[in-house]
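*Asks:* Quick one: the structure is below, and I'll ask about it shortly.
Nothing in this text is a laboratory measurement; each read-out follows from the coordinates by a stated rule. These numbers come from a predicted model, not from an experiment.
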Amino acid sequence: MKQAVNNKLLTRCILAEELNGVQQQEKESSSETVRARRDLDDAVKEARRSADLLHEYQTLYEMQRDRLEKQVSLITDERDLWIQLSYSLGLKVIDENSLTSCKQIQVSQAAWTQLGRYFVGSLLKSSDSLDFDVVSEDVNDFIETAEIVARDIIKSDTDSLDDFKGLFEVMKGKLVELEKGIVSIEKSEGNRVGF
């Protein structure tokens, strides 16, 4: 009889140790979850800071670009004014001296200059907007990926915590059943001793 009681007490102690082990694992898992959430929050804040910084750089870039475009426009206007002045002066010289070949060369040169300016301007504008679109798309992809990873980590941690809680409740139930069984055995043995 004592052997049976000792075996049950030993079983109870083993189950209590296992329950303590499960409780310890749950505490460790909870602290890891909190740590992971903290790390994730830090990563999201850093991503937001990076996005804000990128936005500031974009604004600065746009301001610089506008300033340079105005400066280029002023220089281009000044150059065109000088070209026009030179062209007018050249036409007067051609008319005065009746030089028809020079007149044809000057008209061709002016047409080629205007055509070249048009294509260079179009090429530069489209290249800048394409570069900005690529950078903007990369930043948006990074933010979306970071949010997906964050949600996955939080879901995984929540699922693990729910599993541990379920296991803890099962172990608590088993411990209560075991304690009831030991108490009823002790009572029945106590009743026998009293007879």
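*Asks:* Which length gain, in nm to one decimal place, applies between Val134 and Thr76 when the Cα-Cα distance is subtracted from 0.36 nm times their residue separation?
*Replies:* On the way: separation 58, 0.36 × 58 = 20.88 nm, distance 2.98 nm.
Going from the current span to full extension adds 17.9 nm.
*Asks:* Which of the residue pairs Lys2/Lys172; Lys45/Lys70; Lys2/Lys27; Lys45/Lys165; Lys27/Lys155 have a Cα-Cα distance greater than 29 Å in the structure shown?
*Replies:* Details: Lys2/Lys172 26 Å; Lys45/Lys70 37 Å; Lys2/Lys27 37 Å; Lys45/Lys165 31 Å; Lys27/Lys155 18 Å.
Going by Cα-Cα distance, Lys45/Lys70; Lys2/Lys27; Lys45/Lys165 fall outside the 29 Å limit.
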